[in-house]
1. Being of a type in the set (G, A, S), surrounded by fewer than 16 Cβ atoms within 10 Å (Cβ to Cβ) and within 16 Å of L83 (Cα to Cα) is the filter here, so list the residues in the range 49-66 that pass it.
2. Hey, could you check the range 67-85 for residues that are open to solvent by 50 Å² or more (accessible area, probe 1.4 Å), in a loop (DSSP other than H, G, I, E, B) and of a type outside the set (S, T, N, Q) and say which is farthest from A9 (Cα to Cα)?
3. Residue by residue through the range 15-28, note down the ones that are open to solvent by less than 60 Å² (accessible area, probe 1.4 Å) and within 15 Å of A48 (Cβ to Cβ).
4. How many residues does the range 71-84 contain that are modelled with pLDDT under 95 and not aliphatic (A, V, I, L, M)?
5. Mind checking which pairs have a first residue in the range 54-71 that is farther than 18 Å from L22 by Cα and a second that is of a type outside the set (A, V, I, L, M, F, W, C) and part of a loop (DSSP other than H, G, I, E, B), Cβ under 7 Å, 6 or more apart or different chains?
6. Just the residues that are at negative phi, touching a residue at least 24 places away in the same chain (Cβ under 8 Å) and not aliphatic (A, V, I, L, M), please, taken from the range 1-23.
Amino acid sequence: MRDDGLEIAVRVTPRASRDALLAGTAEHFAARLAAPPVEGAANEALVALVAKSFGVGKRAVAFVSGETSRLKRLRITGETTKLAEIAASLYGDWP
């Protein structure tokens, strides 16, 4: 957690049958994206999925690292307590 939001790790699987943000391991969420990993399509789909899942605008979601890898770190700007509650409901037990 941060003072101005939340940072999460996400492992991405592109070319899935549908978009979904799910619990992954203790270290990261799992994102299934219908978009292919070409020309930034999967990254754009990930930002849209995370923004929708956390109830924030797309501008509130930014890459911290991993733009070209499967494991990405994202910063979600907003009310920290609310974002942590949403993460817990998506993930189960949020650290």
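The values are calculated or read from the model by the stated rules, or taken from the named source; none is laboratory data. Note that the structure is a prediction, hence the values are computed from the model and not measured. We place every Cβ from the backbone using ideal geometry, glycine too, and count neighbours over all the protein chains shown. Surface areas here come from the heavy atoms of the whole protein model, side chains and all, with no ligands, DNA or RNA. Shrake-Rupley method; radii C 1.70, N 1.55, O 1.52, S 1.80 Å.
1. Once the filter is applied, which keeps residues that are of a type in the set (G, A, S), surrounded by fewer than 16 Cβ atoms within 10 Å (Cβ to Cβ) and within 16 Å of L83 (Cα to Cα), the range 49-66 yields G55, G57, A62.
2. Among those that are open to solvent by 50 Å² or more (accessible area, probe 1.4 Å), in a loop (DSSP other than H, G, I, E, B) and of a type outside the set (S, T, N, Q), it is E79.
3. A16, A20, L21
4. Within the range 71-84, residues that are modelled with pLDDT under 95 and not aliphatic (A, V, I, L, M) number 5.
5. A60/G78
6. R2, D3, D4, E7, R11, T13, P14, D19
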